[in-house]
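Peer 1: First, the structure itself, so that you have it in front of you.
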Amino acid sequence: MLIINCPWCGARPEIEFRYGGEAHVARPADPAAMSDQEWADFLYNRTNPKGLHAERWRHIHGCGRYFNAVRDTVSDFFVTTYKAGEPRPDIGESGQ
Ligand SMILES: [Zn+2]
């Protein structure tokens, strides 16, 4: 069973969590000034890397809070988790 470390609750089984998309995607300050392509890129296009990926997760069957995690998309290994609002830890791009 995959164990995910909630920053508030500690280590818990993966069935208590839900994926919430890519982390650190900031809403543009002035969407009206953007082109249609720029707006579409913000809404729909994500990085989808092979390797380390910063993601939002929610401890839906626990504390209910969102947090961020750096997960290796190749091995499904969670390198680290951290509270929402904190910057991504500097752990490189591949984790290999
Ligand atoms: Zn929690």
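Peer 1: I need a count of the residues in region 54-75 that are over 13 Å from the mean Cα position of the chain (by Cα), away from the ligand (no atom under 16 Å from the Cβ) and hydrophobic (A, V, I, L, M, F, W, C).
Peer 2: The total comes to 1.
Peer 1: Could I ask something else about it? Where residues in region 57-96 are of a type in the set (D, E, K, R) and outside any loop (DSSP other than H, G, I, E, B), which of them is farthest from PRO7 (Cα to Cα)?
Peer 2: Among them, the one singled out is ASP72.
Peer 1: Separate question: Considering only region 11-26, state which residues are at pLDDT 95 or above and exposed (fewer than 10 other Cβ atoms within 10 Å of the Cβ).
Peer 2: The answer is ALA11, GLY21.
Peer 1: Of all residues in region 27-47, how many are surrounded by 10 or more Cβ atoms within 10 Å (Cβ to Cβ) and hydroxyl-bearing (Ser, Thr, Tyr)?
Peer 2: The qualifying residues number 0.
Peer 1: In region 1-53, what residues are within 16 Å of the ligand (Cβ to nearest atom), assigned to a helix (DSSP H, G or I) and of a type in the set (A, V, I, L, M)?
Peer 2: Listed by number, the list holds a single entry, ILE15.
Peer 1: Would region 69-86 turn up any residue that is in contact with a Ser or Thr (Cβ under 6 Å, 6 or more places away or on another chain) and surrounded by 13 or more Cβ atoms within 10 Å (Cβ to Cβ)?
Peer 2: yes
Peer 1: Pairs needed: first member in region 46-61, among the acidic types (Asp, Glu); second member anywhere, open to solvent by less than 90 Å² (accessible area, probe 1.4 Å); C-beta distance under 6 Å; at least 6 residues apart or different chains.
Peer 2: So the pair list comes out as GLU55/ALA23; GLU55/ALA69; GLU55/ARG71.
The values are calculated or read from the model by the stated rules, or taken from the named source; none is laboratory data. Owing to the predicted nature of the structure, the values given are computational and were not obtained by experimental measurement. Neighbour counts run over all protein chains shown; Cβ positions are idealised from the backbone, glycine included. These area figures cover heavy atoms from the full protein model, side chains too; ligands, DNA and RNA do not enter into them. Shrake-Rupley method; radii C 1.70, N 1.55, O 1.52, S 1.80 Å.
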